[in-house]
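Working notes for the structure below.
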Amino acid sequence: MQVNYMDKDESPQIPRRMTRSSASSSASTSNNVLAAKVNSFEPLTIDDLLVGGNATSLNDIISNFPGRSNQILEIVRLLGPLNSPMLPLFVYGGSSTGKTSIILQLFRHLNRPLVYSSCRTCYNQRILFESILNQLLLHRKDASNGYSNAKRCDRPSDFVNFLREALTNVVNNLKEKSRKFSNKMTHGGIGNMIYLVFDNFQLVREWDKSSTVLPLLFNLYDLLKMPEVGLIFISSTSPDTFYSNMGYVEPIPVYFTDYTECDIRQILLKNQVNQKLYSSFLDVALLPLCRITRQIGELSTSLKPLYEKYCEPLTDKGAVPNEDMKRRLFSHFKPHVASSLSETFKVSSLPSAEVETCKEKKWKGNPKRLQQSEEMGDLDFHMSTSAKYLLISAFLASRNPATLDASLFDSKGGSDNRKRKRKPSMKVMEQKESLEEELLMKGPGTFPLERLLAVFQCIVSVADEPSDEEEQNDDGLGIHGGNGGLVSDVLLQLSSLCNANLILKGRSCPIEGSTRYRATISEDLALKVARSLKFPLSKYLYRR
């Protein structure tokens, strides 16, 4: 029997204010329909805690995730046989490395119940606590209960008490279910263990009460003291970023390395109609894109239009390419590779035709000014759009004091020098000159990775908004929202900029414990990069 869940927006609603006659005629019919729909819901059972879908074998999981056999077998070993107690697991690695998908596939294969909570959708401690309790108490929010939660839980102490009580009931139900299976002499029981899975765990550090939530979640193993409960944390950052001076049982780390080019090739070749033709396409297109990003989602999105461009000379896409056909296709495809590198990220730029049209409109009637602008905006080297923004972010982080980030990147979009109408005195001018000389002697300052990423997000969001001087119908630069936010692999680009000596990587700060960086580019080069993006760098540059 298939159960259709009713959304809240689909439920018939009665206006708050209505006449007595209209209420008597419409309320009765609407209540009857509502009661019929609510009664059609089947009550939740322990089986609803299992991962749905068709059963899958361990070999199928290993074949579906190339390059992940070691991690899959290690997780299976740590989970152990049925009803085996386990220490907490900490599964971590870069984004788009298959962590969550493999965990869910393994629990589908093992047929064991779990409570899955994503710290991205559960964006504060109350929502996280109540989401876990709703699943354990087999509570469904619907119109019959006013779409309320099973328990209202604001304090961590209440959560621990409610959680222990709910877990005890679930474990007792699992033991009763296992006893029935053993009496019937049948196989396929789900065991007595219940697992709590916390996905996107690195986001908890950004919560307002992270200093209390993180120790609480890490201490659940000691607080509950229930061998039937397993804890799994999934994070994109290493365990070192969560360590504190509070004692708790350290979770066992399982690291997911980045996909190699060979692994990415195997993943992209899956479900392709003509794998030989697509393989010849990957021979020429995959390596340049892998130097920028190794995220499967980005690569598949970027390769799709390139593959269509690659197959344009073909009349039959089912043909098996020979060496002559490969050379012909490569000659047609080669001019489009360089332009596609800037479009790999979801920080997109205007097409070249639209840029030329905008230039003609803006500089029409003044060819000398247009030529001067092109000379100042040209770069001597190729760099993707996202790498340019990252380089500008590093330059701003080196030049601006960290205490002024909030004021420079406020909602108004930087400092406005036009509001300063008072003429500075001679004493102020002398102080300014001495500070500039002092700044010149000190050189660019250092900054941690967290500040670089924060400035990067701010300036890209600024670029998404059209400026006053541009026309409103211009698309400009934009970020497409989503669960991933900025999906570009910033760390990979940061490594490339460090290898090019545009950014220097220093030693770890003994106080903060994090690596610090310094931008080495001059202001002239930073302005040239900013002009190529039409980014108002001087507006966000602090002048003493």
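Within region 126-144, the set of residues being open to solvent by less than 50 Å² (accessible area, probe 1.4 Å), assigned to a helix (DSSP H, G or I) and closer than 16 Å to Val115 by Cα comprises Leu128, Phe129, Glu130, Ser131, Ile132, Leu133, Asn134, Leu136. For region 213-258, filtering for residues that are in contact with a helix residue (DSSP H, G or I) (Cβ under 6 Å, 6 or more places away or on another chain) and open to solvent by 60 Å² or more (accessible area, probe 1.4 Å) leaves 3.
Taking region 271-291 as the range and being at pLDDT below 85 and among the basic types (Lys, Arg) as the test, only Arg291 passes. Listed by first and then second residue, the pairs with beta-carbon distance under 7 Å, at least 6 apart or on different chains, first residue in region 227-243 and under 18 Å from Arg205 (Cβ atoms), second open to solvent by 20 Å² or more (accessible area, probe 1.4 Å) and in a strand (DSSP E or B), are Ser235/Tyr92; Ser236/Tyr92; Thr237/Tyr92; Ser238/Tyr92; Pro239/Tyr92; Pro239/Pro253. Checked against (1) in a helix (DSSP H, G or I); (2) in the same structural domain as Val213 (by TED's automatic domain parsing); (3) over 26 Å from the mean Cα position of the chain (by Cα), Tyr147 passes all but a single condition, namely (1). For Asp410, the conditions (1) among the charged types (D, E, K, R); (2) within 14 Å of Ala454 (Cβ to Cβ); (3) at pLDDT 65 or above are fulfilled apart from (3).
Kindly establish whether Val171 is crowded, with 16+ Cβ neighbours inside 10 Å and farther than 14 Å from Leu114 by Cα. No; evaluated as a whole, the condition is false for this residue. Would you be able to say whether some residue in region 259-279 is loosely packed, with under 14 Cβ neighbours inside 10 Å, among the aromatic types (Phe, Trp, Tyr) and either under 26 Å from Glu450 (Cα atoms) or not assigned by TED's automatic domain parsing to the domain that holds Thr212 (or both)? There is no residue in region 259-279 that is loosely packed, with under 14 Cβ neighbours inside 10 Å, among the aromatic types (Phe, Trp, Tyr) and either under 26 Å from Glu450 (Cα atoms) or not assigned by TED's automatic domain parsing to the domain that holds Thr212 (or both). Report yes if Asp468 is at pLDDT below 80, open to solvent by 70 Å² or more (accessible area, probe 1.4 Å) and either part of a helix (DSSP H, G or I) or closer than 20 Å to Thr385 by Cβ (or both), otherwise no. Here the answer is no, as Asp468 does not meet what is asked.
Taking Ile103, is it assigned to a helix (DSSP H, G or I) and open to solvent by 50 Å² or more (accessible area, probe 1.4 Å)? Considered against the rule, which asks whether it is assigned to a helix (DSSP H, G or I) and open to solvent by 50 Å² or more (accessible area, probe 1.4 Å), Ile103 comes out as no. For region 135-149, a residue qualifies if it is closer than 21 Å to Leu50 by Cβ and not charged (D, E, K, R), and the qualifying residues are Gln135, Leu136, Leu137, Leu138, His139.
Restricted to region 188-287, the set of helices (runs of 4 or more DSSP H) holding at least 3 residues that are under 30 Å from Leu314 (Cβ atoms) comprises 261-269.
For region 243-261, give me each residue that is modelled with pLDDT of 90 or more and touching a Pro at 6+ places or on another chain (Cβ under 6 Å). Listed by number, the residues that qualify are Pro251, Pro253. The residue that is most open to solvent (accessible area, probe 1.4 Å), among those in region 519-531 that are farther than 16 Å from Phe456 by Cβ and either in contact with an Asp or Glu (Cβ under 7 Å, 6 or more places away or on another chain) or at pLDDT 85 or above (or both), is Arg531. Arg291 passes every criterion in (1) open to solvent by less than 70 Å² (accessible area, probe 1.4 Å); (2) among the basic types (Lys, Arg); (3) more than 30 Å from Asn111 (Cβ to Cβ) apart from (1).
The values are calculated or read from the model by the stated rules, or taken from the named source; none is laboratory data. These numbers come from a predicted model, not from an experiment. Reconstructed Cβ throughout: ideal geometry from the backbone, glycine too, with neighbour counts over all protein chains shown. Areas reflect the complete protein model, heavy atoms only, side chains present, ligands, DNA and RNA absent. Shrake-Rupley method; radii C 1.70, N 1.55, O 1.52, S 1.80 Å.
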